[in-house]
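Here the structure is laid out as structure tokens; the discussion comes afterwards.
Where a number appears in this text, it was derived from the coordinates with a stated rule and is not lab data. Bear in mind the structure is a predicted one, so any value in this text is a computation, not a measurement. Cβ atoms come from the backbone with ideal geometry, glycine included; neighbour counts cover every protein chain shown.
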Amino acid sequence: MIRVLLYIATIVVATALSLGGGLLVALELGSAAHGWLVAAAVCTPLVVMGPVLVGALAGYYDHRSSPESQRSLFRVSAVVAAVDVVAAVVFVLAALSAQAPLWVPVLLVVGAGVLLAVARPLGALFRGTEAPISDLSDDVPGVGLVRRAIRSIATTFVIAAVVCTIGVTLIAAFSDRGGALLQVVLLGGQLTFTATAMAAIVVALPLNRALRDSGGRDLGRLQRYAKVVLRGKELPLDEADRAGAVRYARIVPLALQFQLVFTGLLYVAIAFQFVSSAVRGDLGLLPVVFLVAMVVVLAWAIPLSVRRIGRARRYAEQHRPT
């Protein structure tokens with residue numbers, strides 16, 4: 001329960017900081033040159049979510065478990081720090097362009113630095129609230145978990161669809177604007193599939209935890225397993241790592257399948273948003289470019305995931321304990 005509350009608090013605080021930073025940029029830097037204003041608006045969520053990523057990695061994995069894990073966390077922290085440096089320069093130049101008060105860039109830069117400084121310590125505290133790894137001998141999710149997950153996803157879809165249908169019906173009963181009704185229908189579709197996608201993430205959490213525990217919560221070891229199991233690389237593994245790799249290979253196909261389900265549902269929700277923008281006549285060049293990029297990513301990711309699922313299953317079959 002404590003971990004759930006901390007997780008919710010993290011989301012709420014990160015969202016509030018992102019919105020607050022965006023509001024500050026809009027109010028105090030709104031008169032800056034357009035390029036600097038856009039750059040500052042883009043940097044604002046990055047300086048919040050970057051430290052959140054560092055803290056999440058520090059809280060989800062035990063970076064003390066191996067040098068590989070330490071190096072992975074260091075690389076992520078270095079990239080986030082580099083982004084913060086670039087963002088600091090952007091904030092200062094945008095403030096100069098807007099002739100904003102000195103406290104505006106100082107607040108943004110210092111705030112970003114404080115978030116990055118406390119990310120790893122807070123992540124370590126969060127990791128300390130988790131129970132130790134249990135016996136992994138039979139720690140592979142079974143058919144029952146998958147069935148419950150599918151039922152939860154289907155139930156979420158039905159409930160969201162019913163709620164949105166009721167809302168559309170009520171609006172249709174009290175409104176004679178066909179265009180507005182179509183927008184509401186599209187919004188209902190977007191919300192339905194977004195809620196279902198979020199449900200797919202939630203029900204896959206036990207799989208992701210089991211996958212992480214298969215490597216002893218060691219990010220470096222899990223990366224090594226992924227190279228061996230999913231990419232077919234020949235790497236030296238000791239007896240314990242071979243057993244962990246087999247356990248990883250038994251779990252990862254399920255995790256990847258739920259990942260594909262989430263991606264598909266999210267893409268459908270985004271498609272509703274694009275159709276809504278097109279109906280309103282707001283579909284400019286940038287959304288079209290984004291849509292093309294999404295299609296390219298999807299065309300690359302689905303075959304890759306399918307191949308990796310097949311490799312993992314073959315690895316688990318070939319190395320099944322006798």
Could you check the simple spin-label distance between VAL110 and LEU181, using points 7 Å along Cα→Cβ, in nm with one decimal? 5.6 nm
Stokes-Einstein D in µm²/s, Kirkwood radius over Cα pairs - the stretch 2-128 at 37 °C with 0.692 mPa s viscosity: 216 µm²/s
With Cα springs under 10 Å, the Gaussian network model of the chain assigns the largest mean-square fluctuation among LEU57, LEU207, LEU187 to LEU187
Principal axis box of the chain, alpha-carbon based, largest edge first, Å: 68, 53, 38
Quick check on the exposure proxy: order TRP103, TRP36 from fewest to most C-beta atoms within 10 angstrom. TRP103, TRP36
Fewest to most Cβ atoms within 10 Å: MET49, MET294 sort as MET294, MET49
Between the stretch 45-69 and the stretch 212-287, what's the alpha-carbon centroid distance in Å? 18 Å
Computed E for ILE2/ALA243 - FRET, C-beta separation, R0 41 angstrom, nearest 0.05: 0.85
Restricting to DSSP H runs of at least four residues, report the calculated mean residue ellipticity at 222 nm for the chain, -39500 (n - 2.57) per run over all residues, nearest 500 deg cm²/dmol. -29500 deg cm²/dmol
With unit charges on the beta carbons (Lys and Arg positive, Asp and Glu negative) and the dipole taken about the Cα centre of the chain, which residue among GLN190, SER152, GLY35 sits farthest to the positive side? SER152
